[in-house]
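Here is the structure we will look at, set down as structure tokens.
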There are 2 protein chains.
Amino acid sequence: KMDHAKIFQGIEEDYENLKEILREAVAIQSVSSDPSKRDETIRMVHWMKAKLEEIGATCSLQDLGNQTLEGKEIPLPPVLFGTLGTDKSKKTLLVYGHVDVQPAQKSDGWDTEPFELVEKDGKLFGRGSSDDKGPVLCWVHAIRAAQKNNVELPINIKFCFEAMEESGSVGLEDLLKREQKGFLSDVDFTCISDSYWLGTKKPCLTYGLRGICSFFVEVSGIKQDLHSGVFGGVVHEPLADLFWIMSQLTTVENRISIPSIYDDVAPMSEVEARIYKEIEFDVKEFRESVGASKLPTEDKETLLIRRWREPSLTVHGVEGAFYGKGEKTVIPSKVIGKFSIRIVPNMTPEKVNKIVGDYLNELWKKRGSPNTFNAKPGHSAMSWVADVNDPNFLAGARAMKLVHGVEPDRIREGCSIPITLTFQELTGKSVLLLPIGAADDMAHSQNEKNNKFNYIEGVKTLLSYIMELGSA
Amino acid sequence: KMDHAKIFQGIEEDYENLKEILREAVAIQSVSSDPSKRDETIRMVHWMKAKLEEIGATCSLQDLGNQTLEGKEIPLPPVLFGTLGTDKSKKTLLVYGHVDVQPAQKSDGWDTEPFELVEKDGKLFGRGSSDDKGPVLCWVHAIRAAQKNNVELPINIKFCFEAMEESGSVGLEDLLKREQKGFLSDVDFTCISDSYWLGTKKPCLTYGLRGICSFFVEVSGIKQDLHSGVFGGVVHEPLADLFWIMSQLTTVENRISIPSIYDDVAPMSEVEARIYKEIEFDVKEFRESVGASKLPTEDKETLLIRRWREPSLTVHGVEGAFYGKGEKTVIPSKVIGKFSIRIVPNMTPEKVNKIVGDYLNELWKKRGSPNTFNAKPGHSAMSWVADVNDPNFLAGARAMKLVHGVEPDRIREGCSIPITLTFQELTGKSVLLLPIGAADDMAHSQNEKNNKFNYIEGVKTLLSYIMELGSA
Ligand SMILES: [Zn+2]
Ligand SMILES: [Zn+2]
Ligand SMILES: [Zn+2]
Ligand SMILES: [Zn+2]
């Protein structure tokens, strides 16, 4: 049995070293959406491969071919596969993470250079420090800590690190499908550390994600944009029709106006109701972080239920109308309204698309406009929810309790992480989302940071989780 | 008394020469909105000055200083003033026109090079051939025709040609105000040839223009754009509020829903009603040119009345929301809806702004959203309507009858030409809009053209108008 106290102390004492490694990672500008940074993005994968090899993993780079970006054909970064341990008597954990990052420039409003790690007040500022280079490195540090202390890992570990996550994970799903009977065939558990705590103080495990159904509502009827002075008053304006349609989708309190849309929402079990009751969540702090004067509901449980286990509808905008500053005297000829619905168990994209399509066509009939109407679904993704009592989750919970001294909250996220479902479907096994970073890490935004605390405790937590999986 | 037949024949015989002069003018790329073409735009004014001097006008260039365009400070093109005749016993006509043009590139969808005049099937294709270089040159050709035939002009003529019309006539109004007691002090009539026939066959005089009141409707309430997965369902979405507000402005038949907005519309006199009855206008052709399957009204008189002498409301678009192609999972934090109302006599911007502001604020109260709402008026312009029986209009009508053999229609335009009101107010005298080009000239669009017919008859018409003014 391992001596936690001693190993944990070692991790803390090793902090300057762990920070230097994160600094190196942050310095590589692996912005996957920027073709001019594609070389750096590929270099980041190689850098990561070397890190995995240092802890003894056998690695391979999975070539994904080329992609066309901004009119140029450029190579996709390869996916990094790693294998640490092949003991048939042990179970196998698959770890997923990504080493590409969102774009960042100091001029966007950063207080420091985004690609230079800066420690200030216990915070490690830098692009990727939290999403997702920091957590990815926590795995490496955790395993090295075990090795330094001659602790044998009770499981085999496989790594799947990609560098296109921030750009739609191009090519990854196809690769994983091809590897279902290969690299993925012996996976018993999957763990992804690429989400966030619900707040800033208490750790949590994420067991649910909402899915999404997107919609396009197109109205046309005049053959080109017209001058509103010359034609105003004597044509049926497509944008006026669209505004009316878009105004019929939600109530002022942001409930969905589409009949029967809530019908398939899974009933709440008593166990689940207790989770919501016990969760630590400060509504006032949340409201203030959003900058709203009032929320549709300020009851903690109702709010979280609406965020995580009920559908919601958001209107995003209009394509084809005037969007610039100032004024333009145009009657737009063809406009496309964009909205999406977040879906939850037991809703299916098929049924949602049908219900919404029917509702839109009925609205259009009611409108009685002679313009041309075309509503169609865009991309969709299923929701995901896991059993919080499966051995993978229980191991994660024990690890967090051990490190933080408190039982973690079980939370969901309102958004999709499509790869979660992919791993679950291809391995047929449990996927755990184990967040390392805090809610205020500002992933995708200016001044992204990872707390020194979260980074160190993250190493301890992942090590503890690996050890706990041995008895799972 | 002049020998019309002989002079008109001379104009026709001079066609190749008139075309070459238009070719020269079209070849100068005087795109006033493009800073890289500012030198050409200024060159165009100088070229025009030489043309006026050739017919004996005394010219001056009115410096307007600099402007900042796309971050660069560049000189404004000067305004060209010209004076032809200073006989105190004669009345004085002021001619306004512009020698700048809209941008054009062959790749926009032109069949020919936009800055090379091409004659095809009796049409002279080229940017500016109709708006407004062609009509401006018609004045010069008309006067030269009189001079060639030793016909003394019965009036003095002043010219005011600018080269910033397509870019908001920057500086012109201030210059004219300064010149109210100077250059403009002895003007008896003004004539502007910068609009279009109602159709393609019958000439017309334009006696009315609608004004405009623009509005901005801003809704905010969250401090930054939010992820719809994470926050969808638990905030009041500003864009949903805005869509609802914007949907409450017009009916499906494009009538304005704002109470009392039609109250100040001037009652229709019998004389005016007869104008609408007699006007030549093909509704079916109009509907097809717009590309609509149906119009809110297909009754000729009602349609023209709605276009010219009733207010109309157009929704233009939304600033701050997602406007790109595809999907984006954003909850926009601050959105601004844009709409404008075309106003007619006896509506005033002050009252319209008040009525609309009150209505919007009332709607917002009805909406009951906790978001922040701010409706404010943008720019406005008065409508303009002239007396079709004043001597200036009667002279124009006689000239058209002489050249075309038919009584011209008296029409209005739905849009604003703000300079019309400026001249009327500063001179205190009648302003006539005398269109030379046909309705299908495609000003501002691809393949702009002027018919050979309209160009030649335009010279005859302007000459006849000048002669008729002598007895006005
Ligand atoms: Zn991430
Ligand atoms: Zn990310
Ligand atoms: Zn013009
Ligand atoms: Zn124009």
Per residue accessible area in Å² of the stretch A:191-277, where ligands, DNA and RNA are left out and the probe is 1.4 Å
31
For residue A:3, inter-copy label-point distances (7 Å, Cα→Cβ), nm, shortest first, read 12.5
Overall Cα dimensions of chain B, principal axis frame, Å, largest first
82, 53, 48
Distances over 25 Å make up what percent of all Cα-Cα pairs in the stretch B:269-407?
54
Label-point separation (nm) for residue A:68 and residue B:298, each offset 7 Å from Cα along Cα-to-Cβ?
4.4
Using the Cβ atoms and a cut-off under 12 Å, what net charge is assigned to the surroundings of residue B:355, where Lys and Arg are +1 and Asp and Glu are -1?
-3
Rounded to whole Å, √(5λ) for the Cα gyration tensor eigenvalues of the protein assembly as shown, largest first, gives 70, 30, 23
Net charge of neighbours whose Cβ lies under 15 Å from the Cβ of residue B:178, counting Lys and Arg as +1 and Asp and Glu as -1:
-4
Ranked highest first by average number of other Cβ atoms within 10 Å, how do B:395-408, A:267-280 line up?
B:395-408, A:267-280
Within a 10 angstrom radius of each residue's Cβ in B:413-421, how many Cβ atoms of other chains show up on average? Whole number is fine.
2
Output ordering of B:438-445, A:195-202 (per-residue mean of other Cβ within 10 Å, highest first) is A:195-202, B:438-445
Can you give me the solvent accessible area of residue B:185 with a 1.4 Å probe, rounded to the nearest 10 Å²?
70
If one takes the accessible area of chain A alone plus chain B alone and subtracts that of the pair, with a 1.4 Å probe, what total in Å², rounded to the nearest 100, results?
6000
Could you give the Stokes-Einstein D for the stretch A:189-233 in µm² per second, using the C-alpha Kirkwood radius, 10 °C, 1.306 mPa s?
95
Average the reciprocal distances over every distinct pair of alpha-carbons in the stretch B:220-264, invert the result, and give the Kirkwood radius in Å.
13.1
How many Cβ atoms of partner chains, on average, are near each residue of A:263-274 if near means within 10 Å of its Cβ?
0
Mind jotting down the distance between the C-alpha centroids of the stretch B:440-462 and the stretch B:321-396, whole Å?
33
Quickly estimate the mean residue ellipticity at 222 nm for the protein assembly as shown, helices only: each DSSP H run with n ≥ 4 gives -39500 (n - 2.57), and the total goes over all residues, rounded to 500.
-10500 deg cm²/dmol
Applying 1/(1 + (r/R0)^6) with R0 = 51 Å to the Cβ-Cβ distance of residue B:366 and residue B:186, what FRET efficiency is obtained, to the nearest 0.05?
0.35
Using a 1.4 Å probe and ignoring any ligands, DNA or RNA, find the accessible area of residue B:359 and quote it in Å² to the nearest 10.
40
Kirkwood hydrodynamic radius over Cα pairs of the stretch A:70-153, then Stokes diffusion coefficient at 10 °C and 1.306 mPa s, in µm²/s:
98
Suppose a student asked you for the relative contact order of chain B, using Cα pairs under 8 Å spaced at least 6 residues apart; what percent would you report?
24
Net charge over other residues, Cβ less than 9 angstrom from the Cβ of residue B:144 (K, R count +1; D, E count -1):
-1
In whole Å, what are the extents of the stretch A:149-265 along the principal axes defined by its C-alpha atoms, from largest to smallest?
82, 34, 30
Scaled radius of gyration (Cα, divided by 2.2 N^0.38 Å) that the stretch B:142-181 gives:
1.70
Inverse of mean 1/r across different Cα pairs in the stretch B:433-472, Kirkwood, Å
11.4
In Å, what Rg and Dmax follow from the Cα atoms of the stretch B:200-344?
20.4, 64
Quote the relative contact order of the stretch A:1-125 in percent (integer), defining contacts as alpha-carbon pairs under 8 Å separated by 6+ residues.
24
Can you give the log10 of the normalised intensity I(q)/I(0) at q = 0.13, 0.17, 0.21 Å⁻¹, computed with Debye over equal Cα scatterers of the stretch B:78-219?
-0.78, -1.18, -1.43
In peptide A:238-248, how many Cβ atoms from other protein chains are near each Cβ within 10 Å, on average?
6
Binned at 10 Å from zero, the C-alpha pair distances of the stretch A:326-472 give percents of 9, 25, 25, 18, 13, 8, 2
Full-extension gain between residue A:348 and residue A:265, please, as 0.36 nm times their residue separation minus the C-alpha to C-alpha distance.
28.9 nm
List, shortest first and in nm to one decimal, how far the label point of residue A:122 (7 Å from Cα along Cα→Cβ) is from its counterparts in the other copies.
8.6
Along each principal axis, Cα extent of the stretch A:328-369, largest first, Å
46, 24, 11
With one decimal in nm and the nearest listed first, the spacings from residue A:47 to its own position in the other copies, using label points 7 Å along Cα-to-Cβ, are 5.7
Shape category assigned to the stretch B:1-112 from the gyration tensor of Cα positions, a/c cut at 1.5:
oblate
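The values are calculated or read from the model by the stated rules, or taken from the named source; none is laboratory data. Keep in mind it's a predicted model, so treat the numbers as computed, not measured. All Cβ positions, glycine included, derive from the backbone under ideal geometry; neighbour counts span all protein chains shown. Quick note on the areas: whole protein, heavy atoms, side chains included, nothing else; ligands and nucleic acids left out. Shrake-Rupley method; radii C 1.70, N 1.55, O 1.52, S 1.80 Å.
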